[in-house]
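Structure first, commentary second.
The values are calculated or read from the model by the stated rules, or taken from the named source; none is laboratory data. What you see is a predicted model, and the numbers here were worked out from it, not measured in a lab. Positions of Cβ are generated from backbone atoms using ideal geometry, with glycine treated the same way; all protein chains shown enter the neighbour counts. Areas reflect the complete protein model, heavy atoms only, side chains present, ligands, DNA and RNA absent. Shrake-Rupley method; radii C 1.70, N 1.55, O 1.52, S 1.80 Å.
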Amino acid sequence: MTDQSTDRTPEVSLGAIVVFVLLALGLAWAVVLPLWLGDGLASPFVGLVLAAMMYTPAVALLVVMLVLRPVPRGQRLRFLGMWPLRPVKRVIGMSAIGLFGTIAVVVLALAVAALCGWITLDLVTFSGFAEVLEAGPAGAVALPPLGVLVAVQLLAVPVAAATVNAVAAFGEEIGWRGFLVPALRRYGTWSALLISGAVWGLWHAPIILLGYNFGRTDITGVLLMTAGCLAWGVLLGWLRLRSGSVWPAVFAHGAVNAAAGLPTLLYAAGTRPDPALAFVLGASGWIACALVAVALLLTGQFRRQPALAAPALAPGSAPPA
């Protein structure tokens, strides 16, 4: 592995970084505007709007790359960590860590919430999940045993994380971890991780202010989301820098989204866990991410940053010293 000081990654100008951030934030507001002018989260098109919003960082990146050209044309896929997938073992191994390690952190966050008294779990009868099913349209339909339904939901998490959720997460990750983290890295690893995480959190503002995730329609919702993105952004950013590839972060982001609903499967009926405390983007998630980040820091993992998928050698040439 090489230290970041030996990385010959193209330097992105501060102007290009600022334009990308402003464009991504502005596009997010433009995409969500119909919800603000209509029925908000009650709109039948909210799913479509959310999916489109997730690709606004990718659109912003495309505009910046084509107009400002902050990265030379032949180096763009390599800079973004999209291609080549080399070394293969590292990319696959870190992608597996991103997928299953993230699910483990979500479970750790759930355990933290339970230990702190922020959520009451029912791991035997799953009474909270039963309560939700009975209150919904599925309540009048004959369903398999509750334990089977919960097992299917749990087994579906990694599958959904690696497929549909990863496809959706790519629109964000190619912007945040693909471009913004390596672009900011010349200001220091922690500056890159924290600034990109804060931008990621603020980018959610147009949907958070409608009550998404936390049920809060004021600045506290945006602050909660920003804190959650700062915490998770450190881990996703570490995956990006440690692997030299954007794909581990894509799978990790997909896993966060796929596993975020675990508390709704496992809480006890009659209780109301507060998303600001008990969910993965709330306080329990911050604590779980902090514990993992400290472990990575103490083991020197933040210092191990390979070059961004080093270019292939010409036939007969020698590798760099």
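Note on region 297-312: among residues that are assigned to a loop (DSSP other than H, G, I, E, B) and modelled with pLDDT of 85 or more, the one that is nearest to residue 86 (Cα to Cα) is 306. Within region 30-43, the set of residues being open to solvent by 30 Å² or more (accessible area, probe 1.4 Å) and either out of contact with any Ser or Thr (no Cβ under 9 Å at 6 or more places or on another chain) or of a type in the set (Val, Ile, Thr) (or both) comprises 31, 33, 36, 37, 38, 39, 41, 42.
When you look at residue 74, is it open to solvent by 50 Å² or more (accessible area, probe 1.4 Å), in a helix (DSSP H, G or I), among the small types (Gly, Ala, Ser) and free of Cβ contacts under 8 Å to residues at least 60 places away in the same chain, yes or no? Yes, satisfied. Can you find a residue in region 56-75 that is in contact with a Ser or Thr (Cβ under 7 Å, 6 or more places away or on another chain), under 22 Å from residue 253 (Cα atoms) and not polar (S, T, N, Q)? Scanning region 56-75, I find no residue that is in contact with a Ser or Thr (Cβ under 7 Å, 6 or more places away or on another chain), under 22 Å from residue 253 (Cα atoms) and not polar (S, T, N, Q), so the answer is no.
Just the residues that are more than 16 Å from residue 276 (Cβ to Cβ) and either hydroxyl-bearing (Ser, Thr, Tyr) or open to solvent by less than 40 Å² (accessible area, probe 1.4 Å) (or both), please, taken from region 115-127.
Across region 115-127, the qualifying residues are 120, 122, 125, 126, 127.
Restricting 249, 231, 258 to residues that are assigned to a helix (DSSP H, G or I) and open to solvent by less than 10 Å² (accessible area, probe 1.4 Å) narrows the list to 249. Apart from one condition, residue 98 fits all of (1) part of a helix (DSSP H, G or I); (2) in contact with a Gly (Cβ under 6 Å, 6 or more places away or on another chain); the exception is (2). Which of the following residues is among the aliphatic types (A, V, I, L, M), surrounded by 14 or more Cβ atoms within 10 Å (Cβ to Cβ) and over 20 Å from residue 173 (Cα atoms): 59, 67, 46? On inspection, the qualifying residue turns out to be 46. Scan region 15-27 and give yes if some residue there is touching a residue at least 60 places away in the same chain (Cβ under 8 Å), over 22 Å from residue 217 (Cβ atoms), touching a helix residue (DSSP H, G or I) at 6+ places or on another chain (Cβ under 7 Å) and of a type in the set (Phe, Trp, Tyr), otherwise no. Yes, some residue in region 15-27 is touching a residue at least 60 places away in the same chain (Cβ under 8 Å), over 22 Å from residue 217 (Cβ atoms), touching a helix residue (DSSP H, G or I) at 6+ places or on another chain (Cβ under 7 Å) and of a type in the set (Phe, Trp, Tyr). Restricting region 206-219 to residues that are out of contact with any Lys or Arg (no Cβ under 8 Å at 6 or more places or on another chain) and free of Cβ contacts under 8 Å to residues at least 40 places away in the same chain leaves a set whose member that is least open to solvent (accessible area, probe 1.4 Å) is 209.
Taken over region 278-295, the residue count meeting the criterion of being open to solvent by 30 Å² or more (accessible area, probe 1.4 Å) and part of a helix (DSSP H, G or I) is 7.
Quick check: is even one residue across region 169-176 under 30 Å from residue 63 (Cβ atoms), open to solvent by 30 Å² or more (accessible area, probe 1.4 Å) and touching a residue at least 12 places away in the same chain (Cβ under 8 Å)?
For region 169-176, residues under 30 Å from residue 63 (Cβ atoms), open to solvent by 30 Å² or more (accessible area, probe 1.4 Å) and touching a residue at least 12 places away in the same chain (Cβ under 8 Å): present.
Among the residues making up region 1-29, those that are open to solvent by 60 Å² or more (accessible area, probe 1.4 Å), at pLDDT 95 or above and of a type in the set (A, V, I, L, M) are 14, 18, 19, 22.
What about residue 109, is it open to solvent by less than 20 Å² (accessible area, probe 1.4 Å), under 18 Å from the mean Cα position of the chain (by Cα) and touching a residue at least 60 places away in the same chain (Cβ under 8 Å)? Answer is yes for this residue.
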